[in-house]
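Reviewing the structure listed below.
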Amino acid sequence: MEEFDLQSLLSSNEKVIIRLLQSYAQTNDIAVFVLGTDDHLQAGIFGDLAEGSALTRMNKMTDLSKLSVNKFKYNLEYADAPLRISSINQRVGKVCVAKDIQKGTNEEHLRAMQQLQEHVLFLRNMAESVAKLIIKDRGIDNFVIRYSLDVNEAMDELADSEGHALQQIKVMSTSNSSIISAIEYIDSNLNKRLTLDQVSSKVYLSDYYFSKLFKRETGLSFSVYLNARKIQKAMLLLKESDKSVNDISDSLGFTRLSYFSQTFKKYTGVAPTKYRTEGK
């Protein structure tokens, strides 16, 4: 089973499509955003949004399936156009534009709608043209997530054990720019209690897409990779510093010493104190 990863496309090549959408939104005083085929927001709403406007509130939502139905309720006008990937002849989402209209008359709504329809057609053609160039350069396989049926996926998870994670990260490699950025962010923030949602938002991906993409590119789930890097850092500190086990646990964002010790043993086979004593 496979699915086109629209968010990975939007974030590729230093987020070139996102930057173009942002620039267009600011230049034309409108809001621009992209929805997936499930009507979920893909990378935020672009444009200089007025504080307290409906669009500002929507920027915190993911599901905008009822936006076109409720546009008068939100005091805005809205238009969208489908996004297609020509190389696979598939609709992958839609580009959307909107504009706040405070207490607007029917004539004002009609005029705004006509203008937005012109904007959205231009943006669709621009996004599809840039996407075509990116896919031609990088290859379609970089933007397709393939995953197995539930039974096979469950078997894969069994292989994704803590025991082999430390060996896996030593040989791990990926060319996916979103995953590279995510790994750099994780490795720079090992002292924090990172979540899947936090990291995926940093690279403009939904947690669902990010989770699938991270596993595909690294061979490890997000949580296993995160803990493996923390334990790898803990091993270094236990060998090369005089910090107590409790201080090391705190410095790596673990909330309880007991949980740190359990996690350390899962990944290394020994408790932290024994690891330090035996000098492994």
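Loop-located chymotrypsin sites (Phe, Trp or Tyr not before Pro) in the range 71-132 (DSSP state not H, G, I, E or B) with no more than 14 neighbouring Cβ atoms inside 10 Å: 72.
With the charge dipole of the chain set up from +1 on Lys and Arg Cβ and -1 on Asp and Glu Cβ about the Cα centre, the Cα lying farthest toward the positive end among the listed residues 267, 122, 179 is that of 267. Modelled spin-label separation between residue 51 and residue 73, with each label point placed 7 Å from Cα along the Cα-to-Cβ direction: 2.7 nm.
Sorting the segments 30-37, 137-144, 13-20 by their mean number of nearby beta carbons within 10 angstrom, highest to lowest, gives 30-37, 13-20, 137-144. With respect to the chain, whose longest principal axis is taken over its alpha-carbon atoms, helix 6-28 is tilted by about 40°.
When only C-alpha pairs under 8 Å and at least 6 residues apart count, what is the relative contact order of the range 155-278, in percent? Answer for the range 155-278 is 30 percent.
Note on residue 175 and residue 111: the model spin-label points, each 7 Å out from Cα along the C-beta direction, lie 5.2 nm apart. Short-range pairs are left out: with C-alpha atoms under 8 Å and at least six residues apart, the relative contact order of the range 2-141 is 22 percent. Computed across the chain, the Kirkwood hydrodynamic radius from all distinct Cα-Cα pairs reaches 21.3 Å. Put +1 on the Cβ of each Lys and Arg and -1 on the Cβ of each Asp and Glu in the range 155-278; which of 236, 189, 221 then has its Cα farthest toward the positive end of the dipole? In the range 155-278, that residue is 236. With the largest listed first and rounded to whole Å, the semi-axes of the equivalent ellipsoid of the range 2-141 from the Cα gyration tensor are 27, 14, 14.
Summarised in one figure, the compactness ratio Rg/Rh of the range 155-278, Cα atoms and Kirkwood Rh, is 0.97.
Among the listed pairs 202/243; 15/215; 192/215; 99/136, those with a Cα-Cα distance over 25 Å are 202/243; 99/136. Rounded to the nearest 20 debye, the dipole magnitude of the chain is 620 debye, with +1 charges on Lys and Arg beta carbons, -1 on Asp and Glu beta carbons, and the Cα centre as origin. Partner lysines whose Cα lies under 16 Å from the Cα of residue 94, excluding those fewer than 8 positions away in the same chain, are identified as 66, 132. Only helices enter this figure: runs of n ≥ 4 DSSP H residues, each worth -39500 (n - 2.57), summed and divided by the residues of the chain, yield -17500 deg cm²/dmol at 222 nm to the nearest 500. In degrees, nearest 10, range 0 to 90: what is the angle between the Cα axis of helix 150-159 and the longest Cα principal axis of the chain? It is inclined by approximately 40 degrees. Between 0 and 90 degrees, the angle of helix 222-240 with respect to the longest Cα principal axis of the chain falls at about 40 degrees.
Every number here is computed from the coordinates shown, using simple stated rules; none is lab data. Here the structure is a predicted model, which is why all the values come from computation and not from measurement. Counting neighbours? That spans all protein chains shown, and the Cβs are built from the backbone with ideal geometry, glycine included.
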